[in-house]
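The values are calculated or read from the model by the stated rules, or taken from the named source; none is laboratory data. Owing to the predicted nature of the structure, the values given are computational and were not obtained by experimental measurement. Cβ placement follows ideal geometry from the backbone for every residue including glycine, while neighbour counts extend to all protein chains displayed. SASA here: full protein model, heavy atoms, side chains in, ligands and nucleic acids out. Shrake-Rupley method; radii C 1.70, N 1.55, O 1.52, S 1.80 Å.
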Amino acid sequence: MTGRQETIAAQVVRWQAEHGRNHLPWQNTRDAYRVWLSEIMLQQTQVATVLDYYPRFLEQFPDVHRLAAAPQDEVLALWSGLGYYSRARNLHRCAQIVVQAHGGQFPRTVPELAALPGIGRSTAGAIAAFCFGVRAPILDANVRRVLTRVLGFGADLAEAKNERALWLSAEALLPHDDLPVAMPRYTQGLMDLGATICLPRNPACMLCPLQQVCVAQRDGNPQGYPVRTRKLKRSAQAWWLLLQRDGDGRLWLERRPPAGIWAGLYCPPVYADRDALEAAISASGAPGTDLPAFIHVLTHRDLHLHPVLVRGAAAPAHCAESSQAGWYTPQQWQTMGLPAPVRKLLGSL
């Protein structure tokens with residue numbers, strides 16, 4: 001290991017202890033359940049949002065056994081609003097596997113952790129480093145940005161071979177000594193640098209402990225990293241929502257398919273266009289009232305939602321009552337797994 005690499009690890013560890021984030025509710029613990037829960041919640045979600053959900057989730061599911069034993073709908077209901085609902089389904093399934101196959105104890109190696117649902121290599125590395133002091137790299141979006149800038153790693157990460165090369169470089173930078181202390185500090189330090197100093201735009205390079213060894217800082221080109229040429233294009237889609245209420249004020253809800261947008265959540269019937277919705281309304285014989293349309297922004301898609309309110313006691317024409325669909329009172333749907341925009345819409349009725 002070169003002196004430059006030693007400097008990077010040592011300075012990150014020292015900076016994190018003095019200036020990093022050390023008081024988040026999932027820090028200062030080696031409890032793998034709590035660390036795992038926070039890591040899954042923090043995927044694609046800002047810390048400020050997770051700070052609201054994390055304690056409520058722990059209150060209802062204080063350990064992996066309680067989470068594994070809970071109905072999936074209860075987990076989805078508590079997750080509602082965090083988005084990326086496949087995380088919640090994987091979280092529930094992962095808890096069940098940890099209980100059934102590992103006796104309620106999370107495995108301690110990166111390969112075993114990465115084999116669990118919803119845990120990729122980076123999340124596995126974070127859990128192993130934080131909880132067990134394992135010498136394992138991470139490469140979430142923030143850390144990828146920090147390391148490519150520091151190393152001047154300009155290869156296109158859209159190519160798998162370059163991604164593998166960056167993983168090797170990240171591994172080479174890891175601390176070697178006092179791993180139970182150094183690995184959690186180093187891992188958290190890289191996360192903190194990416195979240196507070198090495199920002200995508202206008203990075204605070206003068207506050208960074210790695211400014212003297214950072215290639216991007218030396219060349220005056222931090223904006224040039226990381227390099228990734230393949231970008232997903234945004235798209236737009238219109239959905240028509242049938243909000244059908246019976247004479248008692250109950251709302252018809254049905255479970256979404258197991259894959260796709262809002263997979264596995266409960267939702268009013270969705271139609272691809274106005275004609276299909278009108279056909280369903282005409283079959284029920286009840287008039288419809290258009291509610292204000294609104295846009296729900298997903299990662300790579302804008303959903304243009306058009307809710308239409310109908311009052312009629314008959315079930316929508318395309319389906320019958322089952323374990324996956326039926327009439328629900330406000331008291332019932334408030335505790336169900338609903339997409340956040342649907343929950344907000346129903347709350348305004």
Over the chain, relative contact order from alpha-carbon pairs under 8 Å, at least 6 apart, %: 18 percent
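Taking only protein heavy atoms into account and a 1.4 Å probe, give the accessible area per residue of the chain in Å². Present the calculation step by step, with values, prior to reporting the outcome.
Values: 16630 Å² over 349 residues.
That works out to 48 Å² for each residue.
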Using a simple spin-label model with points 7 Å from Cα along the Cα→Cβ vector, what separation in nm is obtained for THR329 and VAL215? 6.5 nm
What is the percent carbon and sulfur in the accessible area of the chain, measuring with a 1.4 Å probe over the protein chains and ignoring ligands? 52 percent
The ³J(HN,Hα) series, computed from each phi in the range 189-194 with the Karplus coefficients 6.51, -1.76 and 1.60 at θ = phi - 60°, rounded to the nearest Hz and given as x for glycine or proline, is x, 5, 4, 5, 4, x
Between the DSSP loop rule and a limit of at most 12 other Cβ atoms within 10 Å, which trypsin sites (Lys or Arg not before Pro) in the range 171-268 are left? ARG201, ARG230, LYS231, LYS233, ARG234
Tell me which trypsin sites (Lys or Arg not before Pro) from the range 72-167 have a DSSP coil assignment and no more than 13 other beta carbons within 10 Å of their own. none
Exposed loop GluC sites (Glu not before Pro) only (DSSP loop, at most 15 other Cβ atoms within 10 Å): please give the longest stretch of the chain free of them, not including the sites. 160-320
Sort TYR271, TYR84 by heavy-atom solvent-accessible area, probe 1.4 angstrom, most to least. TYR84, TYR271
Straight-distance crosslink candidates among aspartates and glutamates, where the alpha carbon sits under 19 Å from LYS344 and sequence neighbours closer than 8 are dropped: ASP52, ASP73, GLU74, GLU254, ASP290, ASP302
I'd like the orientation of helix 141-151 relative to the chain: the angle between its Cα long axis and the longest Cα principal axis, in ° from 0 to 90, rounded to 10. 20 degrees
Of all DSSP beta bridges with both partners in the chain, the antiparallel percent, nearest 5, is 60 percent
